[in-house]
Amino acid sequence: MYIYKAGVVGAGTMGAEIAQVISYSGLPVVLKDVNQDFVNSGLKKIREIYKRRVEKGKMSAQDVEAKMMLVTGSTSYDDFKDVDIVVEAVPEKMELKKKIFQELDKVCPEGTILSSNTSSLSISEMGSATRRPHKVVGLHFFFPAHIMKLVEVIPGLATSDETVDDVTSFSESLRKIPVRVNECAGFLVNRLLMPYLNEAAYCLQEGSASMREIDQAAVAFGMPMGPFTLVDNLGLDVCEEVGKILLESYGDRMRPAELWKKFYDAKLLGRKSGAGFYNYQGTDSLADKMVEELRKQHGGKGSKFSIERIIFPMINEAAYCVQEHVSKASDIDIAMRAGVGFPEDKAGILAYGDKIGLDVVLSTLEKLAGEHGARFWPCPLLRRLVGANFLGVKTKRGFFEYT
Ligand SMILES: NC(=O)c1ccc[n+]([C@@H]2O[C@H](COP(=O)([O-])OP(=O)(O)OC[C@H]3O[C@@H](n4cnc5c(N)ncnc54)[C@H](O)[C@@H]3O)[C@@H](O)[C@H]2O)c1
């Protein structure tokens with residue numbers, strides 16, 4: 001299917017970025033919000049992104065005007081009568097999204113693909129609100145969308161293969177890296193990331209290491225930033241929401257550390273609120289005091305910190321994703337590099353497991369489960385691979401084959 005024109009619903013943080021990416025690829029795009037002020041603020045954000053490209057010498061001011069001409073702000077669905085694809089980016093509320101999908105279903109041509117940028121909600125449920133569930137699909141961009149390369153393509157139960165192929169080509173035309181993710185809570189990247197962030201929080205509240213030490217250890221491993229810096233950037237409210245959804249689906253292995261709620265209740269939400277784990281306003285940080293209180297509750301003994309303790313839960317969760325056919329092993333590794341910045345020299349989370357040796361990963365997880373609890377219990381697929389002597393690079397077969 002050819003896509004000649006796109007629509008974006010919601011001109012907020014993600015919608016404006018997505019509209020910029022679409023216009024940058026040369027496609028006309030309508031950007032809709034509930035009132036003209038929100039639309040204008042979205043258009044302003046797009047112009048700012050282009051302006052920064054001009055400042056870096058990557059575009060001329062003339063090019064910017066040509067790209068801006070491709071973006072039409074709107075407060076009405078009338079402008080959606082000839083779009084081939086819509087990306088919905090309104091707040092993360094199922095009822096709101098369903099209502100918008102019903103409205104789009106009425107106004108858009110029969111063949112129009114309706115996609116959602118949801119981080120966590122069911123695509124199948126959104127599809128069920130329309131008369132075209134085969135044309136409804138998840139298209140999960142990452143913030144900031146004009147920089148992050150990864151797009152998770154998430155078919156719902158009724159999404160057709162044709163729709164998946166069409167949005168995959170569309171994402172590629174936006175110069176993104178699409179990865180197919182079969183619907184599950186947290187989709188792929190958030191599902192893998194959360195056990196890592198959560199374990200860092202357990203380490204912190206148990207007094208294993210300070211947040212700076214944990215962040216430094218992650219950076220030394222090769223991550224672009226440490227877990228607490230990342231949470232401050234993502235927003236603690238967003239992490240708290242994702243954490244709830246993961247707990248509901250996967251149970252105890254995703255039980256959030258108490259620290260999240262304590263920070264959330266104290267409105268230490270990260271950069272957006274001026275302070276989170278770190279302080280961005282130059283005043284005294286509340287975070288250290290709150291961590292100290294939590295440590296006292298935990299007896300202040302200090303459990304042991306190791307980089308394996310925060311990285312291996314990601315390997316384990318990635319193994320669950322392979323086992324459940326959420327994504328192919330190679331796509332999981334691509335997604336971790338493009339969506340999280342997993343170090344290039346380690347190729348990906350599963351390739352890293354293969355390199356260490358899956359027998360070592362298994363025994364380390366068992367040891368960690370003995371020390372810290374069942375959340376480390378190894379995924380059955382890991383045990384199966386080790387039983388089959390698929391130990392990774394050293395036996396030439398693990399998650400991948402090596403010649
Ligand atoms: N912010 C992120 O980092 C991020 C990353 C990936 C995915 N997402 C997902 O993207 C979606 C949007 O998140 P956001 O952070 O951009 O939210 P946001 O609050 O910044 O923007 C949402 C926009 O939608 C508008 N809106 C509400 N109802 C509308 C309607 N009926 N018609 C048109 N516009 C309407 C709001 O006025 C607002 O401008 C959510 O589903 C979120 O989970 C967010």
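Which entries of LYS176/LYS272; LYS176/LYS262; LYS56/LYS99 have Cα-Cα distances beyond 30 Å here?
Values: LYS176/LYS272 27 Å; LYS176/LYS262 37 Å; LYS56/LYS99 41 Å.
Long pairs (Cα-Cα over 30 Å): LYS176/LYS262; LYS56/LYS99.
About the Cα centre of region 210-329, what is the dipole size in debye to 20, counting +1 per Lys and Arg Cβ and -1 per Asp and Glu Cβ, all else neutral? Please list the in-between numbers first.
Details: 16 positive and 17 negative charges, 37 e Å.
The calculation lands at about 180 debye.
Could you list log10 I(q)/I(0) for region 324-386 at q = 0.13, 0.25, 0.26 Å⁻¹, which the Debye formula gives when each Cα is one point scatterer?
The Debye formula, applied to the Cα set alone, gives -0.40, -1.08, -1.10.
Shape of region 66-113 from its Cα gyration tensor (a ≥ b ≥ c, root eigenvalues): rounded if a/c is under 1.5, otherwise prolate when a/b > b/c, or oblate? Don't jump to the answer; show the numbers that get you there.
Details: a/c = 2.15, a/b = 1.39, b/c = 1.54.
Oblate shape, in that a/c is at least 1.5 and b/c is the bigger or equal ratio.
Taking the Cα centre of the chain as origin, sum charge times position over the Cβ atoms of Lys and Arg (+1) and Asp and Glu (-1), and report the length of that vector in debye to the nearest 20.
Details: 51 positive and 53 negative charges, 112 e Å.
Charge dipole, the chain, about its Cα centre: 540 debye, nearest 20.
Under the rule that an exposed site lies in a DSSP loop and has at most 13 other Cβ atoms within 10 Å, name the longest stretch of the chain with no chymotrypsin sites (Phe, Trp or Tyr not before Pro) of that kind, not counting the sites themselves. Numbers along the way, then the final one.
Values: sites that count: TYR2, TYR4, TYR402.
The answer is 5-401.
Roughly to the nearest percent, how much of the accessible area of the chain is carbon and sulfur, given a 1.4 Å probe? Intermediate values should be presented prior to the final figure.
Values: 9410 of 17780 Å².
Within the chain, the accessible surface is 53 percent carbon and sulfur.
Excluding residues fewer than 8 places away in the same chain, name every one of the lysines whose C-alpha is closer than 23 Å to that of LYS98.
The qualifying lysines are LYS5, LYS32, LYS81, LYS106, LYS135, LYS244.
For the chain, what are the per-bin percents of Cα-Cα distances with bins 20 Å wide, up to the bin holding the maximum?
Over the chain, the share of Cα pairs per 20 Å bin runs 26, 54, 20, 0 percent.
Quick one: which residues, 5+ away or cross-chain, put their amide H under 5 Å from the amide H of GLY138? H built at 1.01 Å from N.
SER116, ILE154, GLY156
Could you put SER41, SER160 in order of accessible surface area, largest first, with the 1.4 Å probe and the full protein assembly present? Display every interim value, and only then the final one.
Details: SER41 55, SER160 30 Å².
Most to least solvent-accessible, the answer reads SER41, SER160.
Among rounded, prolate and oblate, which fits region 150-295 when a ≥ b ≥ c are the square roots of the eigenvalues of its C-alpha gyration tensor, a/c under 1.5 means rounded, and a/b larger than b/c means prolate?
The shape class here is prolate.
Ratio to report: Rg/Rh of region 119-192, with Cα atoms as the point set and Rh obtained by the Kirkwood method; give two decimals.
Numbers: Rg = 11.8 Å, Rh = 12.4 Å.
Rg divided by Rh gives 0.96.
Can you tell me the relative contact order of region 307-397? Whole percent, Cα pairs under 8 Å, sequence separation 6 or more. Kindly include the intermediate steps, with their values, before the conclusion.
Values: 87 pairs, mean separation 27.3, N = 91.
Rounded, it is 30 percent for region 307-397.
Rounded to the nearest Å, what's the spacing between the alpha carbon centres of region 110-176 and region 348-403? Just the number, please.
32 Å
So with the 1.4 Å probe, I'd like the accessible area per residue for region 317-399, rounded to whole Å². Mind showing how you got there, number by number?
Working: 3550 Å² over 83 residues.
Per-residue value: 43 Å².
Could you state the number of Å between the C-alpha centres of region 294-344 and region 260-275?
Spelled out, the Cα-based centre of one part sits 23 Å from the other.
CYS108's amide H: which non-local residues (gap 5+, or another chain) put their own amide H closer than 5 Å, with H modeled 1.01 Å from N in plane and none for Pro or chain starts?
For CYS108, no residues qualify.
From the mean inverse distance of alpha carbon pairs (Kirkwood) and the Cα radius of gyration, derive Rg over Rh for region 19-129.
A ratio of 1.01.
Rolling a 1.4 Å sphere over the protein heavy atoms, what is the accessible area per residue of region 30-103, to the nearest Å²? Each step should come with its number before you reach the end.
Details: 4220 Å² over 74 residues.
Per residue, region 30-103 has an accessible area of 57 Å².
So how many Lys-Lys pairs in region 287-384 land under 20 Å Cα to Cα, not counting same-chain pairs under 8 apart? All intermediate terms of the calculation are to be shown ahead of the outcome.
Working: LYS289/LYS301; LYS296/LYS304; LYS301/LYS367; LYS304/LYS367; LYS328/LYS346; LYS328/LYS355; LYS346/LYS355; LYS355/LYS367.
Qualifying lysine pairs in region 287-384: 8.
For every helix of n ≥ 4 consecutive DSSP H residues, a contribution of -39,500 (n - 2.57) applies; sum these over the chain, divide by its total residues, and give [θ] at 222 nm rounded to the nearest 500 deg cm²/dmol. Walk me through the numbers before you get to the answer.
Working: 17 runs with 198 residues, N = 403.
Result for the chain, helices only: -15000 deg cm²/dmol.
Heavy-atom accessible area per residue, region 218-277, 1.4 Å probe: how many Å²?
On the way: 2690 Å² over 60 residues.
Accessible area per residue, region 218-277: 45 Å².
The values are calculated or read from the model by the stated rules, or taken from the named source; none is laboratory data. Small disclaimer: the values here were computed from a predicted structure and weren't measured. Cβ coordinates were reconstructed from backbone atoms using ideal geometry, including for glycine residues, and neighbour counts include every protein chain displayed. Heads up: the accessible areas ignore ligands, DNA and RNA and are worked out on the full protein's heavy atoms, side chains in. Shrake-Rupley method; radii C 1.70, N 1.55, O 1.52, S 1.80 Å.
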